[in-house]
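Here, each number is a calculation from the coordinates, and none is a lab measurement. Since the structure is predicted, the reported quantities are computational estimates derived from the model, not experimental observations. Note that we place each Cβ from the backbone using ideal geometry, even for glycine, and neighbour counts take in every protein chain shown.
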Amino acid sequence: MVQSVLGSLILGYRPLWNRARKLAGIQLYAHNGASATVDGGHLLRTLQELWSASSPPLLISAQTRQLLCDLLENAPRAAPWIEVRGEWLSDSAIYDRVKAAHQRGLRLVWRGDMDKLPEPEIARCFDNSLLTLRPEDAVAALQTTPPRPGSAAAAAPPPAAKRAPSPVLAGQMYENIASRALMEHCLDQGNAMALAGWPTEDVLYSLRHHPQQPSHAVIFKLMKAIDDEQSLETFEDIMGEDPLLAYRFMVYTNSAALGLRTGIDSLRRGLVMMGYSSIKRWLSDQLPHASTEANMQPVREAMVMRAQLTARLLDAGIENDLRREIYLCGLLSQLDELLGEPLGTILKRLPLSERIYDATVLRTGPYTGGLQMACALETDDASAIRQLCETFEMDLEEVNRALLRVLSDLEVERK
């Protein structure tokens, strides 16, 4: 039965980020085709088997009414959060099940526009909400944000009229936040519980005049691991937590300054060839310029998730060297966004396997199916995922299992 439920669902995901810019949970999209009736109870049991105490909390977003009804009817009290779309509450079958599920102690999340919040009677059934701000709400929210210190607005005398309160409701979750300023308002001033997704494009645009640098925290963590004489695998894993650090390290190990006779085509080979004291010296040189920009943390972590997923999707009992190469393929696939150069130009500086260049730049070769699928799984686009399964002859159940394993291995700090 477990096989049938993962074989008849199309899953996708979106990270939930908290005020500390750390992973707070995962929104799991679950879609069943028109012809497939899915047992929501089996889905929940499958998730329970795979999830551990350190795995991220889940918000299950059923993409069809049938699946939502089944989840509301069968979910036990300790089930993950279940999302209910506001417009679906006009369906009496869903409305009645929501009330019954609430009475059973299920944790439900209302999803919809700020201007269409439910009436008090039904609102009481929901523990939280996933809200979309209208453009006018976004403008009103930003008008309540205090000016940044040192700006002309901050130097001006305060207006006589009192500022209107922000429409952002504290403790709720928000989605479709495309601007860095609005994200900061929601999390820092509005005390939102989390954002679904991240305004990556606007964050990178706002930092365009500052060359991107590797993460200070990751460099420091790697230096500590070297001091503690941890394993080579640990060093490689930590370096793989930052695409820019991995790239810079490979550029350095392949530079004329080191004079190595053979090209370094992997992190592991570079770590072995350099030796720990040289690595630590190089890391010490990076540290003064390293990035402490908190808004970049979700950007980096999302890139790492894509790399983990690409490696897991293409993992068919392959040898470790190939698995590392596939991970590197996923990790470096978005460097153009960080460096503002064409990806082909960036990758040509390194003696990487042609398979990485083919998949990331030309969209051909043995890694392209896994990389494209990893990208598609970051959305709720069920038709794109189904099409990729057909194009690359990927088994839907295996794709779903790979996704759930990667998500369950993510760790969330719990207070």
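For the range 79-145, what is the relative contact order in percent, using Cα pairs closer than 8 Å and at least 6 residues apart in sequence?
32 percent
One quarter of the convex hull surface, Cα atoms only: what value does that give for the range 51-132 in nm²?
The Cα convex hull of the range 51-132, projected and averaged over all directions, gives 5.5 nm².
State whether the range 214-306 is rounded, prolate or oblate according to the following rule on the C-alpha gyration tensor (a ≥ b ≥ c being the square roots of its eigenvalues): a/c under 1.5 gives rounded; otherwise a/b larger than b/c gives prolate, and the remaining case gives oblate.
prolate
Less than 9 Å Cβ to Cβ from Y367, Lys/Arg counted +1 and Asp/Glu -1: what total charge do the surrounding residues give?
Summing Lys and Arg as +1 and Asp and Glu as -1 gives -1.
On alpha-carbon atoms, Rg over Rh for the range 153-307 using Kirkwood Rh?
1.12
For the range 59-106, report the translational diffusion coefficient in µm²/s to the nearest whole number, using Stokes-Einstein at 37 °C, 0.692 mPa s, and a Kirkwood Rh over Cα pairs.
Reported coefficient: 311 µm²/s.
What percent of all Cα-Cα pairs in the chain falls into each 10 Å bin, going from 0 up to the bin containing the maximum distance?
Here the calculated profile for the chain is 4, 20, 28, 25, 16, 7, 1, 0.
Would you mind calculating the relative contact order of the chain from Cα pairs under 8 angstrom and at least 6 residues apart, reporting the percent as a whole number?
Computed value for the chain: 19 percent relative contact order.
If only Cα atoms are counted, what is the Rg of the range 264-330, and what is its Dmax, in Å?
Taking only Cα atoms of the range 264-330, I get Rg and Dmax of 14.9, 41 Å.
How high is the relative contact order of the range 205-266, in percent, with contacts defined as C-alpha pairs under 8 Å that are six or more residues apart?
Once divided by the residue count of the range 205-266, the mean separation gives 28 percent.
Which order do the peptides 206-218, 178-190 come out in when sorted by mean C-beta neighbours inside 10 angstrom, highest first?
Listed from highest to lowest mean packing, they are 178-190, 206-218.
Rg and Dmax of the range 1-71, using alpha carbons, in Å: what are they?
Radius of gyration, then largest Cα-Cα span, for the range 1-71: 13.0, 42 Å.
List the extent of the Cα atoms of the range 267-415 along each of their three principal axes, largest first, rounded to whole Å.
Taking the Cα atoms of the range 267-415, the three principal extents are 48, 44, 32 Å.
Please report, to one decimal in angstroms, the Kirkwood hydrodynamic radius of the range 312-381 built from all distinct Cα-Cα pairs.
Evaluated on the range 312-381, it is 12.5 Å.
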